[in-house]
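K.L.:
Sharing a structure below in structure tokens format, with a few things to ask.
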Amino acid sequence: MNRIQAFALAGFLAFPLAAQAQPAPGDLNMHWSEGAADCKAHPQPPLQVHRYNATTYILRENLCSTFEAPFMYLLIGQTRALLIDTGDVGDPKAMPLAKTVMGLLPRGLPLLVVHTHRHMDHRAGDPQFARLPNARVVGYDIASVKRFYNFAQWPEGLAHLDLGGRVVDVFPTPGHNETEVSFYDRNTGLFFSGDFLMPGRLLIDDARADIASAHRAVAFLKDKPVSAVLGGHIEMNAHGGLEPWESRYHPDERALPMTKVDLLALPAALESFNGFYSESGGFTMINPLRILKAFGLGVLIVIVGGLWLLVRFVRRRRRRAAA
Ligand SMILES: [Zn+2]
């Protein structure tokens, strides 16, 4: 084989791989409602839908319906569809999630409902789907998650959800919460990272688990195409600052998509986390439980110290009075 032949053969062999690795394109140019400073005076539609492409939808609950304004993701395959998370509002009259999702699906297509993690703002809509004949809702507790994905060596392991001509990889990413998993859609190259990685406060329950999760995510994705990293919320403004906590008004909100570069930078940022509150490389990391405990300890010290001073003061006065 001469050089040109070898080159041609290499190109021929590489072509199908390259063609396969090319993710299906989609529209990341999203426009979300900014909520309102006074939601009563400015009523808003509760649920917004962004069409990424014909088989991929990004849904978001309005800031005026819940300050969490969580994102949900609908991936449609040939034999079933997958909904990742069900949001923060249960009442179907206030939040017509199931109705909207079923309206986006081809008639009769079964729906599998899963969660990034068990926090209420990611699963409050579950009961809306539990009543539907074509939908199956996976439990959110750790035992159900391990059982459904067959994660015998949690937090190790990799599961595959076959939607029919579309495979979604799932792997454990605990740290924010012990039940957290993340999803990689091979079809679009989108990585759905829940609250493990999002443009906002990274609330960390277990820092060691979170670091290990970040390393696993990097190892899994470093050689794969990642069109975007899509998390559970947006809590940052366009200038890199944080939106006020529990604010229902985001007039200058940052865009939702994060990048592979952000993901690759996550392990180092997490390793610099001081265990309470740290800002590093554009990430804000917080351990709310520890801060609460430290605050509780502070309050206790103030109370005990105050009592000690009071007892000393009373004793001194008594001694003086006796003298
Ligand atoms: Zn959460």
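K.L.:
Name the residue from PRO106, PRO244, ALA54 whose Cα lies farthest towards the positive end of the charge dipole of segment 21-286, charges +1 on Cβ of Lys and Arg and -1 on Cβ of Asp and Glu.
P.N.:
PRO106
K.L.:
Skip the ligands, DNA and RNA, and give the accessible area per residue of the chain with a 1.4 Å probe, whole Å².
P.N.:
Per residue, the chain has 52 Å² of solvent-accessible surface.
K.L.:
With all pairs of different alpha carbon atoms counted, what Kirkwood hydrodynamic radius in Å does segment 86-245 show?
P.N.:
16.7
K.L.:
Related question: Counting Lys and Arg as +1 and Asp and Glu as -1, each charge on the Cβ, what is the dipole of the chain about the Cα centre in debye, to the nearest 20?
P.N.:
1320
K.L.:
Given the protein chains as shown and a 1.4 Å probe, how many square angstrom of SER247 are accessible, to the nearest 10?
P.N.:
We get 20 Å² for SER247.
K.L.:
If you don't mind, another one. If the chain were replaced by its equivalent ellipsoid, with semi-axes equal to the square roots of 5 times the Cα gyration tensor eigenvalues, what would those be, largest first, whole Å?
P.N.:
In descending order the semi-axes read 44, 26, 20 Å.
K.L.:
Moving on to the next point. Excluding residues on the same chain fewer than 8 positions from LYS224, give the lysines whose Cα lies under 19 Å from its Cα.
P.N.:
Within the straight-line cut-off, LYS224 pairs with LYS260.
K.L.:
Let me ask you something else. Could you order TYR249, TYR149 by accessible surface area, starting with the largest, using a probe radius of 1.4 Å?
P.N.:
Largest accessible area first, the list is TYR249, TYR149.
K.L.:
Please give me, ordered by residue number, the trypsin sites (Lys or Arg not before Pro) of segment 127-157 that lie in loop per DSSP and have at most 13 other Cβ atoms within 10 Å.
P.N.:
ARG131
K.L.:
In the Gaussian network model of the chain, springs joining C-alpha atoms below 10 Å, which of LEU221, LEU59, LEU256 carries the largest mean-square fluctuation?
P.N.:
Ranking LEU221, LEU59, LEU256 by mean-square fluctuation puts LEU221 first.
K.L.:
Does segment 78-178 come out rounded, prolate or oblate, given a ≥ b ≥ c as the square roots of the eigenvalues of its C-alpha gyration tensor, rounded meaning a/c under 1.5 and, failing that, prolate meaning a/b above b/c?
P.N.:
The shape class here is oblate.
K.L.:
Need one value: the accessible area of LEU28 in square angstrom, 1.4 angstrom probe, rounded to the nearest 10.
P.N.:
60
K.L.:
Let me ask something else. Using alpha-carbon positions, what is the distance between the centroids of segment 103-157 and segment 175-207, in Å?
P.N.:
Centre-to-centre (Cα) distance: 16 Å.
K.L.:
With a cut-off of at most 12 other beta carbons within 10 Å, and DSSP calling the residue loop, which GluC sites (Glu not before Pro) in segment 216-293 qualify? Please list them.
P.N.:
Counting only loop positions with at most 12 other Cβ atoms within 10 Å, the GluC sites (Glu not before Pro) in segment 216-293 are GLU246.
K.L.:
Under the rule a/c < 1.5 gives rounded, and otherwise a/b versus b/c splits prolate from oblate, where does segment 74-132 land using the Cα gyration tensor?
P.N.:
It comes out oblate by the Cα gyration axes.
K.L.:
Here is a further query. Among VAL261, VAL114, VAL89, what's the order by accessible area (1.4 angstrom probe), most exposed first?
P.N.:
VAL261, VAL89, VAL114
K.L.:
Under 10 Å, Cα contacts only: if you run a Gaussian network model on the chain, which one of GLN153, GLN22, GLN128 comes out with the highest mean-square fluctuation?
P.N.:
GLN153
K.L.:
Looking at the chain, what % of its DSSP beta bridges pair antiparallel, to the nearest 5?
P.N.:
Bridges in the chain are about 70 percent antiparallel.
K.L.:
Given the Cα-Cα distance of ALA268 and GLN153 and 0.36 nm per residue of separation, how much length would full extension add, in nm?
P.N.:
Going from the current span to full extension adds 38.9 nm.
K.L.:
Quick one: among ASN177, ASN187, ASN134, which has the greatest mean-square fluctuation in a GNM of the chain with alpha-carbon springs under 10 angstrom?
P.N.:
ASN134
K.L.:
Which whole-Hz ³J(HN,Hα) couplings does segment 183-199 yield from phi under the Karplus relation 6.51 cos²θ - 1.76 cosθ + 1.60, θ = phi - 60°, glycine and proline marked x?
P.N.:
Karplus-based 3J(HN,Hα) across segment 183-199 equals 10, 10, 8, 4, 5, 9, x, 7, 10, 9, 10, x, 9, 5, 8, 7, x Hz.
K.L.:
So what is the 222 nm mean residue ellipticity for the chain from helices alone, if each DSSP H run of at least 4 adds -39500 (n - 2.57) and you divide by all residues, rounding to the nearest 500 deg cm²/dmol?
P.N.:
-10500 deg cm²/dmol
The values are calculated or read from the model by the stated rules, or taken from the named source; none is laboratory data. The model shown is predicted, which means the values in this text are computed figures rather than measured ones. Cβ sites come from the backbone with ideal geometry, for glycine too, and all protein chains shown count toward neighbours. Just so you know, the surface numbers come from the protein's heavy atoms only, side chains and all, with ligands and any DNA or RNA stripped out. Shrake-Rupley method; radii C 1.70, N 1.55, O 1.52, S 1.80 Å.
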